[in-house]
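**Q** Okay, here's the structure, questions in a sec.
Values in this text are rule-based calculations from the coordinates and carry no lab data. Given the structure is predicted, the values throughout are model-derived calculations rather than measurements. In this analysis, Cβ positions are derived from the backbone assuming ideal geometry, glycine residues included, and neighbour counts consider all displayed protein chains.
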């Protein structure tokens, strides 16, 4: 196990059987992998509890002040743009770093 804590849990038979089927099918390497992904899904779903709510007014202000300005700058000089692959990679890197801190 990576730098983590060990837990002893008891699952209802139906859940335990489902976890074992996932491992037996080859979809996961271990019971731990199935449970880890399931817990990550729960935490991802609960992300709204971690991030502060954003008002519609704040979104409108962002669109008008920042997005419109950035688009005008890009229209004037397309070389100022960032490749979408680089943006996606940055988002993925930030997400992985955020998950590692949780």
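**Q** What's the number of the condition residue 79 fails, among (1) surrounded by 10 or more Cβ atoms within 10 Å (Cβ to Cβ); (2) part of a helix (DSSP H, G or I)?
**A** (1)
**Q** Let me ask something additional. Residue under question is residue 42, and the condition is that it be at negative phi, surrounded by fewer than 10 Cβ atoms within 10 Å (Cβ to Cβ) and assigned to a helix (DSSP H, G or I); does it hold?
**A** Details: at negative phi: yes; surrounded by fewer than 10 Cβ atoms within 10 Å (Cβ to Cβ): yes; assigned to a helix (DSSP H, G or I): yes.
Yes: the conditions hold for residue 42.
**Q** Looking at 19, 67, which is the one that is closer than 24 Å to residue 98 by Cβ, within 24 Å of the chain's Cα centre (by Cα) and either in contact (Cβ under 8 Å) with a residue 60 or more places away in the chain or part of a helix (DSSP H, G or I) (or both)?
**A** Details: 19 fails: closer than 24 Å to residue 98 by Cβ.
The conditions single out 67.
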